[in-house]
Every structure is written in C-alpha cells, then in structure tokens.
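Take a look at the structure set out below.
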C-alpha cells in the first residue's frame, strides 16, 4: 500500500468519525440548541462534505443543488429586510419599523442573529442537509452498518439519563444546566423541551426495532447475536417516552409499535422463528406490563394517561394552539409567495396574535393575554415553514427530503421490514410536527436526516448486494 493510499484511508476514516461525533453529540448539548455547538457542528459537516465530494459528487448532485438553491433563497431574504424589529424599553414587546426593500424579491425581518433570523435558520439547515449528503456518500459498508446501532446506543443512554434524573428529582440537566432557574420547567433528559425529547426517542425506538430485525435476520450465523439487546433498548426507550409525559409523543410511539406488530406476527409464523424468540418476547412483554402497572399506580401518571385524548378534544393547550393556528394562517395570507423570512415567525406573529381570543386562557400563573406573552413557534412545523419561507421556499425545502423519499419508493426494497421500521420512525416525527416543532431542534433534525440517508442508501440501486440478494441471484 502506497503512502498516498494509506493517508487517503486515514483521512476518510477521520471524516466518518467526525460525522458520527456530530450526529451523536447533538443530543448531549441541550438537544443541539447551543449557538456555539451549532456553529462548530455546521463547520465540521461542511468540511466533511467537501472532503467526501472531492471523490464522488454525482451521488449527491441533486440534493446539493437543491440545498444551494435554498441557501441562496434564505440569503436573499436576509439581505432584503422589509421590517426592522424595534424593542420597547423595559418590556418584552416590540414593533416592526418599515424599511426600504425590493418588493419583488424574498424579504425578511431584521433581528438579532442569536435570537432567530435567516442566518440562524441557515445554520441549522446546513447541519441537517450537510449530514444527509455526507452519509449518502459513505462507501464503506462497515461504517453504514454501525451507524444505526450507534443511534440506538445513544438514544438508550439518553433514556437512562432521563430515568436517573427523574428518580433523583434533579432540576438540572447533567448537573450543568439548571433548567428550572432558566425558566424551562418542561425539560426532559438532555432536551430543553419534553416533546423534542419524545420525538428524538421515537426515532431511537424505530431504529432499535430495525436493528433487532437486522440481527434476527442473521440468526445464529454469528457467534454473539445482539438482537435481544436491541429489543431491550426498544422497551427502555418506549418506557422513557411514557415518562416524558409528551402525550402526542406517546401516541407516535404507539404508531411505531403498531407498524411493528404485523412484522412480528410474520416472524412468529415463519419457519425460522425459534422457540427462544417466542419465550423471550413473552417474558419481555410480561416484565414491561408489570413495571408499567407499578408506574400507572402513581396518581400523576394515571392522570397523564387518562388525558391522552385531551390533545384533540378540549385540553387548554390544544385550544390555545388552535387560536394560534388561525392567527398563523392570517399571517401566511399576508405574504404567501415569499414568506416573512426564515426564522422570523416569532418576530412577525406579534402583529397577528389574537390577544382577545387568548384572554380567557391561563398557563400556570401567567395569563396568556398579557402583552409580555408571545409565541416563539407555531407548534406546527409545516405552517411555520409556510409562514417563514412562503410557498416558493417551502417547495424548495421539501424537495430535498422528497428526493430521498423518491429514491426509496421507486425501489421495491422499501418493503423490506428493516426499511419499513426506519420509515415508521421518520413518519412519527413528520406526524409529530403537525402539532409541535421537532424539526426546529438540531438533534431531532440531524437524527431524522441520518435515518433518511441510511434508508435511501439501503434502497439505492448502487448499494452493495446483501447475502440475501446474492442468494436470490444464485437461484
């Protein structure tokens, strides 16, 4: 092996290691919501993308072109502000002062970079879109094979941290960040918002089941088969989602489990299903039910589960969000083509907020109708994307994951049980985004794109043939 080849291999291995470190590290830094972490992670991903693209650009040409188009669109918004945010001294309210701008170009609201702006939106999107473009180029089957188990292990560690913090009744995250003192009482595990934690854990749940199916497919051909470890991780993560008290997150978990049930029954009926699988599944379900029963005996937990349907009936949070959705639609109708500017929902929504409709609602000791209450997110990612990017920008943004879904569904390989479970995890986040904003969280966004890249690679015509494929070709 020549020195040049050896050096190239070391560079390639280091590039993959950096990608995995960025992917796995996001959840541990408050869900990736620290500005400095976002800047460093985005810079590293761009460096890795450049390194990989020097060898093979063709495989990512379409998503990279679409991503560049989105970046240019957002930068035009940033450089063409229609309004400037002006704060009133001593109050948490502001007004929008008109500025000279070019009306036929996308525009935005000029605001601080550290709060929310087109540049902050770009930073997070570069992280997610760059990561998926990197993973889709990875040639080494070894690295792709262990990305999914690493996601499972990372999610399980986050789940263990959450359980420990709940038992210790600790108001801080990892003993470093005091969430309660920072006015963030809805934190969970290493995330600042419990619904984001549930969305991330649901991705880990679906990936755990996918890894279980992969390991079960190998059967006894390997000396140590980790399928029971992955099944244990899936149950651990599922229990942790319940503990998070994210109602819609728990419903999404049930959707993932429901998608797995037909596959499980097919495995049980198949000739290669061992008695150990049946006994292990029975024991696992029994233990889960026993532990779940002890948990459900707690008054707060029983109350939480009894109000699962309140998310769609008469719960105050749903009524509150419904009023905000109506105001958000009014905001969208004011700038439907180009939007208000990426990351500028919170700055422009004040002009459309229905204070009278919210007047009767209460959130703890804070009256919603007070002037110092404002919405940071629409609690509906799709509506918020439309408001900020308009129809034009939203179509560009959605075309990027749409390309990878097209790669997946144009091939019959998407019907494979492993790929189906990965798709179930992706779908859970997409459904969750209907009433929340999980795609605004860097940890959720990067993990979602990583799973999408792996699923697309599995279904791609250029992927390496598996042992099953070779066996079919021999027949």
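For (1) in a helix (DSSP H, G or I); (2) out of contact with any helix residue (DSSP H, G or I) (no Cβ under 7 Å at 6 or more places or on another chain); (3) touching a residue at least 40 places away in the same chain (Cβ under 8 Å); (4) buried (at least 19 other Cβ atoms within 10 Å of the Cβ), each residue gets a yes or a no:
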residue: 109; (1), (2), (3), (4): no, no, yes, yes
residue: 126; (1), (2), (3), (4): yes, no, yes, yes
residue: 130; (1), (2), (3), (4): yes, no, yes, yes
residue: 155; (1), (2), (3), (4): yes, no, yes, yes
residue: 159; (1), (2), (3), (4): yes, no, yes, yes
residue: 175; (1), (2), (3), (4): no, yes, no, no
residue: 206; (1), (2), (3), (4): yes, no, yes, yes
residue: 213; (1), (2), (3), (4): yes, no, yes, yes
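Which of the numbered conditions does residue 80 fail, given that it passes all the others? Conditions: (1) touching a strand residue (DSSP E or B) at 6+ places or on another chain (Cβ under 8 Å); (2) at pLDDT below 90.
For residue 80, the failing item is (2).
Considering (1) closer than 29 Å to residue 14 by Cβ; (2) surrounded by fewer than 21 Cβ atoms within 10 Å (Cβ to Cβ); (3) touching a helix residue (DSSP H, G or I) at 6+ places or on another chain (Cβ under 7 Å), say which one residue 166 fails and leave the rest.
Of everything listed in (1) closer than 29 Å to residue 14 by Cβ; (2) surrounded by fewer than 21 Cβ atoms within 10 Å (Cβ to Cβ); (3) touching a helix residue (DSSP H, G or I) at 6+ places or on another chain (Cβ under 7 Å), residue 166 misses just condition (1).
Taking the condition more than 21 Å from residue 254 (Cα to Cα) and either crowded, with 23+ Cβ neighbours inside 10 Å or modelled with pLDDT of 95 or more (or both), does residue 474 pass? Please lay out each step first, then the result.
On the way: more than 21 Å from residue 254 (Cα to Cα): yes; either crowded, with 23+ Cβ neighbours inside 10 Å or modelled with pLDDT of 95 or more (or both): no.
Taking the combined requirement at face value, the residue does not satisfy it.
Among the candidates 287, 263, 235, single out the residue that is closer than 21 Å to residue 151 by Cα and either in a helix (DSSP H, G or I) or at pLDDT below 90 (or both).
Going through 287, 263, 235 in turn, the sole match is 235.
For region 331-449, which helices (runs of 4 or more DSSP H) that fit wholly inside it have 3 or more residues that are modelled with pLDDT of 95 or more and on the phi < 0 side of the Ramachandran plot?
The qualifying helices (runs of 4 or more DSSP H) are 381-409, 417-432.
For residues that are assigned to a loop (DSSP other than H, G, I, E, B), more than 16 Å from residue 376 (Cα to Cα) and at pLDDT below 90, tally how many sit in region 92-107.
0
The values are calculated or read from the model by the stated rules, or taken from the named source; none is laboratory data. Because the structure is a prediction, the values reported are computed rather than measured. Ideal geometry is used to build each Cβ from the backbone, glycine not excepted, and the neighbour counts take in all protein chains shown.
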